[in-house]
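**Q** My questions all concern the structure below.
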Amino acid sequence: MTTKDDLQWHKSSYSTAQGSCVEVAWHKSSYSGSSADCVEVAEGPTVLVRDTQNRELGHLEYPPRTWAAFLQQVKTGLL
């Protein structure tokens, strides 16, 4: 189980220069299993997904509703 101490916080692109910050925490996706081929997810105003081994390549961004629909398809075996 992930605790808040395990999370890696970073300033979101939704943060403003005036100091109104939105922070998101990355956590290993439960769908990654125990393999080294993992993805990390950060949930906030949008859902961010990145490759754990290639963090420097950036992330993909999804609306929460789209991410939830994707997860539902994975859970039901459609993907």
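**Q** Let a ≥ b ≥ c be the square roots of the eigenvalues of the Cα gyration tensor of segment 35-79; is it rounded (a/c under 1.5), or, if not, prolate (a/b larger than b/c) or oblate?
**A** In terms of gyration-tensor shape, oblate.
**Q** Arrange the peptides 64-76, 37-49 so that the one whose residues have, on average, the most other Cβ atoms within 10 Å appears first.
**A** Working: 64-76: 12.1, 37-49: 16.7.
Packing proxy ranking, top to bottom: 37-49, 64-76.
Read the figures in this text as sums done on the coordinates, not as results from a lab. Computed from a prediction, not measured in an experiment: that's the story for all the values here. Note that we place each Cβ from the backbone using ideal geometry, even for glycine, and neighbour counts take in every protein chain shown.
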